[in-house]
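The values are calculated or read from the model by the stated rules, or taken from the named source; none is laboratory data. None of the values given here were measured: they were computed from a predicted structure. Reconstructed Cβ throughout: ideal geometry from the backbone, glycine too, with neighbour counts over all protein chains shown. All accessible areas refer to the heavy atoms of the entire protein, side chains included, with ligands and DNA or RNA removed. Shrake-Rupley method; radii C 1.70, N 1.55, O 1.52, S 1.80 Å.
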Amino acid sequence: MSSSSRPLYTLGPRLAACAALVRPGRSLVDVGTDHAYLPIWLLKTGKIPRATACDINAGPLEAARRHARLYQAEEGLRLVRGDGLRELGPEDGEDIVAAGMGGELILRIVCETPWLRDREKRLVLQPMSAAVVLRQGLWEQGFQVLEERAVEDGGKVYSAFSAQYIGEPPPVGRLYPYMGKLEPEEPAARLYAAKVLRGLRNQLQGVEHQGCQQAAEELRELMREIGEKYSTPVER
């Protein structure tokens, strides 16, 4: 089959959730792009006009170059090797995606990039771990989570969300670091809540072992609130 007739692939649920949060018609930066599956898909479906795919390693960028050639997306795709966004500037993208990496790393990239503190920029983030750290850190830096969705992919559940700089920490509830903007009616919200509750259960066992009764009671109350809001049983 020639490359001109090659059908476009389908994104998995995790990257599809990120793609849905990207604004139509906006230029894109994909940080830690790996094989550039997301920007190539967005280019070929016509959702975005141009993209910059960035990765710290040469191997993924070479794979991205091959995929761009295979799907004839070379014209709209720029490849840059660099750590985070250090080699890029505000002119490179309006929507910035950081997906498939740890929450601490995503937060580091956001904190060290001053040009993201712009109300016209939109972050699309999908942490593989430490989502609580990421949400809390974004809040402290003056970023507001706008929309969030949970998806199940490969037997695991993930959260993807969009965020925007507003200049000061926005008002949030006590569940925000753990559940973000996930609404109970989201299809995978209960699965995500169950994942969060398992993590909190582990924390609870730790503080109980240390004899920290006040911290233990606060964790129990937090778990009760999450379980009630998202109709998710709290394991005993």
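Structure data summary
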read-out	value
Helix-only mean residue ellipticity at 222 nm for the chain, each DSSP H run of n ≥ 4 adding -39500 (n - 2.57), per residue, nearest 500	-12000 deg cm²/dmol
Percent of Cα-Cα distances greater than 11 Å, calculated over the stretch 26-67	58 percent
Environment charge at Val22 (Cβ cut-off 12 Å; Lys +1, Arg +1, Asp -1, Glu -1)	0
Binned Cα-Cα distance frequencies in the stretch 1-138 - 10 Å width, integer %	12, 45, 34, 7, 1
Cubic angstrom per residue, convex hull over Cα atoms of the stretch 62-149	119 Å³
The stretch 165-219 - Rg and Dmax from Cα coordinates, angstrom	14.3, 41
Charge dipole magnitude, Cβ of K and R +1, D and E -1 - the chain, Cα centre, debye nearest 20	560 debye
Hz values of 3J(HN,Hα) by residue in the stretch 144-154 - Karplus curve (6.51, -1.76, 1.60), Gly and Pro given as x	10, 6, 9, 8, 9, 9, 10, 9, 9, 8, x
Accessible area of the chain belonging to carbon and sulfur atoms, whole % at 1.4 Å probe	48 percent
Whole-Hz ³J(HN,Hα) from phi, Karplus 6.51 cos²θ - 1.76 cosθ + 1.60, for the stretch 56-72, glycine and proline x	7, 10, 6, x, x, 5, 5, 5, 4, 5, 5, 5, 4, 5, 4, 9, 6
Residue-normalised accessible area of the stretch 192-236, given per residue in Å² at a 1.4 Å probe	62 Å²
Whole-number D in µm²/s for the chain (Stokes-Einstein; Kirkwood sum over Cα pairs; 25 °C, 0.890 mPa s)	130 µm²/s
Kirkwood hydrodynamic radius over Cα pairs of the stretch 33-104, then Stokes diffusion coefficient at 10 °C and 1.306 mPa s, in µm²/s	129 µm²/s
